[in-house]
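Shown next, in C-alpha cells, is the structure this report addresses.
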Amino acid sequence: MLTRRGVEAWVATAPAGEVVAYGVVWCVADEGELANLAVRDDYRGRGLGGRLLDRLMAAAAGRGVRDLFLEVRPSNTAARALYAGRGFAEVGLRPDYYERPREDALVLRATLAPTDEGNVCS
C-alpha cells in the first residue's frame, strides 16, 4: 500500500516480486474516485481485481468517503460485472472519453458507509 494525502494505492505482486495488479483511489471531501484498477492479463480471473477493489473501497469508507465514482468502457463487460457486484450503478456518460479505440465512458457510483476512522484527505 502506498499513501499520500488524498491518495491511496495498492499493488499485488507475484511470488517473484513483479507487480501483477494495482489500484488507486483519491478523494476530495466526502467523494472518492477510483482512478485506476488494473490486473495483468495472465493474472485475470483469479479474483485479484475484486480483492483490490474491496480493499480500496474499505480504505475510502474508512476515511470518510460517502460516494465513490469511476469511469469504465461500455465494452469492458468483465469490469462492469465486477463493479456491479460491488454496488456500483450507472449515473452518467462521458462521450468520447477513451482513445484507441475511441469510446464513451460510463460513470458509475457506489454509496459507501463511512466509518469514524478519519478522512483520507487529511
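Values computed for the structure shown
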quantity: Residues located in the stretch 20-71, provided they are out of contact with any Lys or Arg (no Cβ under 9 Å at 6 or more places or on another chain) and among the charged types (D, E, K, R); calculated: Glu33, Arg40, Asp41, Asp42, Arg44, Arg46, Arg51, Arg55, Arg63, Arg66
quantity: Entirely in the stretch 1-110, the strands (runs of 3 or more DSSP E) that have 2 or more residues that are hydroxyl-bearing (Ser, Thr, Tyr); calculated: 89-98
quantity: Conditions (1) modelled with pLDDT under 95; (2) under 14 Å from the mean Cα position of the chain (by Cα); (3) surrounded by 19 or more Cβ atoms within 10 Å (Cβ to Cβ): number failed by Phe88; calculated: (1)
quantity: Count - residues of the stretch 3-40 that are farther than 16 Å from Arg55 by Cβ and small (Gly, Ala, Ser); calculated: 5
quantity: So Ala29, is it loosely packed, with under 14 Cβ neighbours inside 10 Å and in contact with a helix residue (DSSP H, G or I) (Cβ under 9 Å, 6 or more places away or on another chain); calculated: no
quantity: Near pairs, Cβ below 6 angstrom, 6+ apart or cross-chain, from the stretch 38-50 (surrounded by fewer than 14 Cβ atoms within 10 Å (Cβ to Cβ)) to any residue that is part of a helix (DSSP H, G or I) and of a type outside the set (D, E, K, R); calculated: none
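The values are calculated or read from the model by the stated rules, or taken from the named source; none is laboratory data. Predicted model only: the values in this text are computed from it and were never measured. Positions of Cβ are generated from backbone atoms using ideal geometry, with glycine treated the same way; all protein chains shown enter the neighbour counts.
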